[in-house]
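Take a look at the structure set out below.
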Amino acid sequence: MNKFDPDNYAVMIAIVDAESRHPKPSDGDTVRFPAWDQPYVKASRTYGRAVAYTRTYGLIFWLDDSNGKHFEWFPADMIQRVTRDDWHGR
């Protein structure tokens, strides 16, 4: 049985690409959250999941209205954890 999932592979490549675009490369090693343990977060008006972090930045994943996947670094002081009930993402 083939266990290759092209969608998960595309997400992994997008995360690696986003890590290469870190706004402060000297910020230390990037730590990734396991896929099953990514916290729900809010950064400004963006609701998403935290997929990785460094000392002063967090990498947030979210879907737009047309199911486009986005990964962006946000300063840590802009990121708030939210409960599943208070999360307004998809």
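Applying the selection to segment 57-67, what residues are within 9 Å of the chain's Cα centre (by Cα) and buried (at least 20 other Cβ atoms within 10 Å of the Cβ)?
58, 59, 60, 61
For segment 35-56: of the residues being more than 18 Å from residue 88 (Cβ to Cβ) and open to solvent by 50 Å² or more (accessible area, probe 1.4 Å), which is nearest to the chain's Cα centre (by Cα)?
Within segment 35-56, the match that is nearest to the chain's Cα centre (by Cα) is 53.
Being among the aliphatic types (A, V, I, L, M) and modelled with pLDDT under 90: is that true of residue 1 here?
Criteria met by residue 1.
Counting only residues that are closer than 16 Å to residue 18 by Cα and either touching a helix residue (DSSP H, G or I) at 6+ places or on another chain (Cβ under 8 Å) or open to solvent by 60 Å² or more (accessible area, probe 1.4 Å) (or both), how many does segment 68-84 have?
Total meeting the criteria: 5.
The values are calculated or read from the model by the stated rules, or taken from the named source; none is laboratory data. The structure presented is a predicted model; accordingly, all values stated were derived computationally and were not measured. Every residue, glycine among them, receives a Cβ derived from its backbone with ideal geometry; neighbour counts consider all protein chains shown. For accessibility, only protein heavy atoms count, side chains too; no ligands or nucleic acids. Shrake-Rupley method; radii C 1.70, N 1.55, O 1.52, S 1.80 Å.
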